[in-house]
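The next block holds one structure in the form of structure tokens; read it before the comments.
The values are calculated or read from the model by the stated rules, or taken from the named source; none is laboratory data. It should be emphasised that the depicted structure is a prediction, and the values quoted were computed from it without experimental measurement. Note: ideal-geometry Cβ built from the backbone for every residue, glycine included; neighbour counts use all protein chains shown. Note: accessible area is taken over every heavy atom of the protein model, side chains too, but ligands, DNA and RNA are not part of it. Shrake-Rupley method; radii C 1.70, N 1.55, O 1.52, S 1.80 Å.
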Amino acid sequence: MEKTVSAEKCRNSIKALEDAMYVIGGKWTLRVIIALKDGHTRFNDLQRTIDGISAKVLSGVLKDLEQNGFVKRKVDTGIPVVVEYELLSYADTLQDVLSALVLWGEMHREKVIRGEEELV
């Protein structure tokens, strides 16, 4: 009986991970969220800040983030028209994930630079 419960728990964990990766697992998604958290709100500013992202890809990522409740698009119809993006409070739910990934990435980069096989 225990293996059945464990297998079911494993399947549920995998499904939850699949759901999370579907929303935030794109190559650019977390980069856009970090740039928005750092105060870059205009489209062109975001594109300049995130090396290598094309306008088409950035537009798609912002639309996905808007659909998933992370970002709000604000349009000021004055002259000139200004479009800005604002992170919504739901994006704060990713703070622990982002912090953990940044810390792990820093540790991994140092490991690779030093050529270590294993960190102690």
Tabulated pairs, region 76-91, first within 14 Å of Ile34 (Cα to Cα) and of a type in the set (D, E, K, R), second open to solvent by less than 40 Å² (accessible area, probe 1.4 Å) and assigned to a strand (DSSP E or B), C-beta under 8 angstrom, 6+ apart or interchain: Glu86/Val71
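Which of the residues belonging to region 42-79 are among the β-branched types (Val, Ile, Thr), part of a loop (DSSP other than H, G, I, E, B) and open to solvent by less than 80 Å² (accessible area, probe 1.4 Å)? Quick ask: steps written out before the conclusion?
The first filter runs over region 42-79 and keeps only residues among the β-branched types (Val, Ile, Thr), leaving 49-50, 53, 57, 61, 71, 75, 77, 79.
Filter once more, so that each one left must be part of a loop (DSSP other than H, G, I, E, B): 50, 53, 77, 79.
Scanning region 42-79 gives Ile50, Ile53.
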Filter pass, Ala91 being in contact with a Leu (Cβ under 8 Å, 6 or more places away or on another chain), at pLDDT 90 or above and in a helix (DSSP H, G or I): yes
Any chance Val82 is in contact with an Asp or Glu (Cβ under 8 Å, 6 or more places away or on another chain) and surrounded by 12 or more Cβ atoms within 10 Å (Cβ to Cβ): yes
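In the list Gly25, Gly115, Gly39, which residue meets the criterion of being without any contact (Cβ under 8 Å) to a residue 60 or more places away in the chain and surrounded by 11 or more Cβ atoms within 10 Å (Cβ to Cβ)?
None of the other options fit; the residue is Gly25.
Would you say Ile34 is surrounded by 11 or more Cβ atoms within 10 Å (Cβ to Cβ) and in contact with a Leu (Cβ under 7 Å, 6 or more places away or on another chain)? So that I can check it myself, show each step before the final result.
Numbers: surrounded by 11 or more Cβ atoms within 10 Å (Cβ to Cβ): yes; in contact with a Leu (Cβ under 7 Å, 6 or more places away or on another chain): yes.
So Ile34 fits the description; yes.
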